[in-house]
Every structure is written in structure tokens, then in C-alpha cells.
Amino acid sequence: MAFSNGNGSFNVTNNGTEVHEFVIEPAGAVDEPLEANGEEVEIEDIEPGQTASLTFTFTEAGNFQFSCHIPGYYPAGMALNVKVVA
């Protein structure tokens, strides 16, 4: 998967051949999306070849991760640690 971020918008492209998801969560969490405006901060079921968007702005510093929790992917390392600074 590839993603770009600009102005609080994440554009996620699934370059693979299987369905993926994009979850923003605390670092080390296992499928525990952050919440914003009462909704989980994630994009579910991104089909191969598709691009999906998510608008989210971090409001606090900390360690987070972008991950995919479709069975098998997270244990295989599909997570990217991100440090947000003030």
C-alpha cells in the first residue's frame, strides 16, 4: 500500500492483489483505531487497485502506527510507526 498526507487528508492506494485496510492507532495496539467525532479512524476494505481517503488531524503528540489488520497482515509486519511531535 502507498499513502500520502496533506492538509489532514490521507490518500491510501492498495497496490496489492488482496483487500487491505488502513488503521490509525496507538503504536503497538492491535486493531484499536483512534476515534474522532465519534467514529473510528480507519478505512476498511480497500480493494486492489483502489484509492481511498480519510481526513484526520492528530491533536496530540505521541507514538502511533498506520496498520492493516486483515487477518495475517499485521503479524507479517504491515504496520508503520509514526511519531507525532508538538
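Each reported figure results from applying straightforward, stated rules to the coordinates on display, with no laboratory input. This structure is a prediction, so every number in the text was calculated from the model and none was measured. With ideal geometry, Cβ positions are generated from the backbone for all residues, glycine too; neighbour counts draw on all protein chains shown.
Across all directions of projection, what mean area in square nanometres is found for the Cα convex hull of the chain?
5.4
If packing is taken as the average count of other Cβ atoms within 10 Å, what order do 72-84, 42-54 fall into, highest mean first?
Listed from highest to lowest mean packing, they are 42-54, 72-84.
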